[in-house]
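Here's the structure, in structure tokens; my notes come after.
The values are calculated or read from the model by the stated rules, or taken from the named source; none is laboratory data. Bear in mind the structure is a predicted one, so any value in this text is a computation, not a measurement. No Cβ is skipped: glycine too gets one built from the backbone with ideal geometry, and neighbour counts run over all protein chains shown.
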Amino acid sequence: MTSRDTICASEGVGMRDFDSCRLTLADNLRALRESANLTQTLLSESSGVARSQISAIERGLGNPSLSSLCSIANALGHDVCDLLEQSKISIEE
């Protein structure tokens, strides 16, 4: 087990395949953005990440950089691990 695996496992991410992580990211990003009452455009402006990239992430496409994920998470007031956590995020948060 690498140090990356240990960090992810300790944060509840664990070892999952790429497609599973990508779909979890898509669902969590959309839920967090909507719970913050932000459009993709407003999130783009506050995070510095292109709206087209945010749209692609929410559709389960692409391979966003860690830098982009950190910028998005910060703009939402959350940690990057919240974007990747497998448990469902409630829209009421």
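Give the residues of segment 61-76 that are hydroxyl-bearing (Ser, Thr, Tyr) and either at pLDDT below 95 or assigned to a helix (DSSP H, G or I) (or both), sorted by residue number.
SER67, SER68, SER71
Could you grab me the full set of residues in segment 14-50 that are among the small types (Gly, Ala, Ser), under 15 Å from GLY62 (Cβ atoms) and surrounded by fewer than 19 Cβ atoms within 10 Å (Cβ to Cβ)? ALA26, ALA50, listed by residue number.
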